[in-house]
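**Q** My questions will all concern the structure given below.
The values are calculated or read from the model by the stated rules, or taken from the named source; none is laboratory data. Given the structure is predicted, the values throughout are model-derived calculations rather than measurements. Counting neighbours? That spans all protein chains shown, and the Cβs are built from the backbone with ideal geometry, glycine included. Accessible surface areas use protein heavy atoms only, side chains included; no ligands, DNA or RNA. Shrake-Rupley method; radii C 1.70, N 1.55, O 1.52, S 1.80 Å.
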Amino acid sequence: PGELRLVAANKTQIESPNGTLEIATSQANPIREWRALNDGAVVFEASVRPQTGSAVTGVFRDNNGLIVPVALVGTPATGFAPGVSLTSVGLLGLNGCGQMTFSRTVEGIGITTENNRGIWAIDDSQT
């Protein structure tokens, strides 16, 4: 049988392009909605707290102990004009090949309730 390993827990530190994030301990359920891939990697949704500021939600991928953010609330929304950022993220689907889909809402210049939602896809190589 395989080895048991801890993927993430309260106070787990995650390095991101925006600095160090820590899985929030002030949230009732900081780690939500997780799925495992055939290669042992895990994706999950969690509330994280930057070194300064309030907790935000994100989707993360663990690959053999290295946790990387895939989508974070407050970061630029890929495929939208500059100045448009994510206001929510949620893991929708994941298959055994490592392809993931996410639903997100956005806000910013030119965004209204008529165009503030989208679905994004990412493959295992994160390209």
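**Q** May I ask you to compute the full-extension gain from residue 107 to residue 81, defined as 0.36 nm times their residue separation minus their alpha-carbon distance, rounded to one decimal in nm?
**A** Net length gain for the segment: 8.3 nm.
**Q** Would you mind calculating the gained length between residue 10 and residue 54 on full extension (0.36 nm times residue separation, minus the Cα-Cα distance), in nm to one decimal?
**A** 14.3 nm
**Q** Next up: Just check region 41-104 against the gyration tensor rule for me: Cα atoms, a ≥ b ≥ c as the square roots of the eigenvalues, rounded for a/c under 1.5, and otherwise prolate or oblate depending on whether a/b exceeds b/c.
**A** Here region 41-104 falls in the oblate category.
**Q** Here's a follow-up. Using a 1.4 angstrom probe on heavy atoms only, work out the carbon and sulfur share of the accessible area of the chain in %.
**A** Carbon with sulfur: 51 percent of the solvent-accessible area.
**Q** While we're here: State, as an integer percentage, the relative contact order of the chain based on alpha-carbon contacts under 8 Å between residues 6 or more apart.
**A** For the chain, the relative contact order is 15 percent.
**Q** In square angstrom, what is the accessible area per residue of region 22-127 with a 1.4 angstrom probe?
**A** 54 Å²
**Q** Moving to a separate point now. Quick one: if the Förster radius is 25 Å, what FRET efficiency do residue 32 and residue 114 give, using the C-beta to C-beta distance and rounding to 0.05?
**A** 0.30
**Q** While we're here: Which whole-number percent of Cα pairs in region 13-76 have a distance greater than 15 Å?
**A** Roughly 46 percent, rounded to a whole number.
**Q** Something else about it: Read through the labelled values [x] 1.12; [y] 0.97; [z] 1.21 and report the label of the one computed as Rg/Rh (Cα atoms, Kirkwood Rh) from the structure.
**A** [y]
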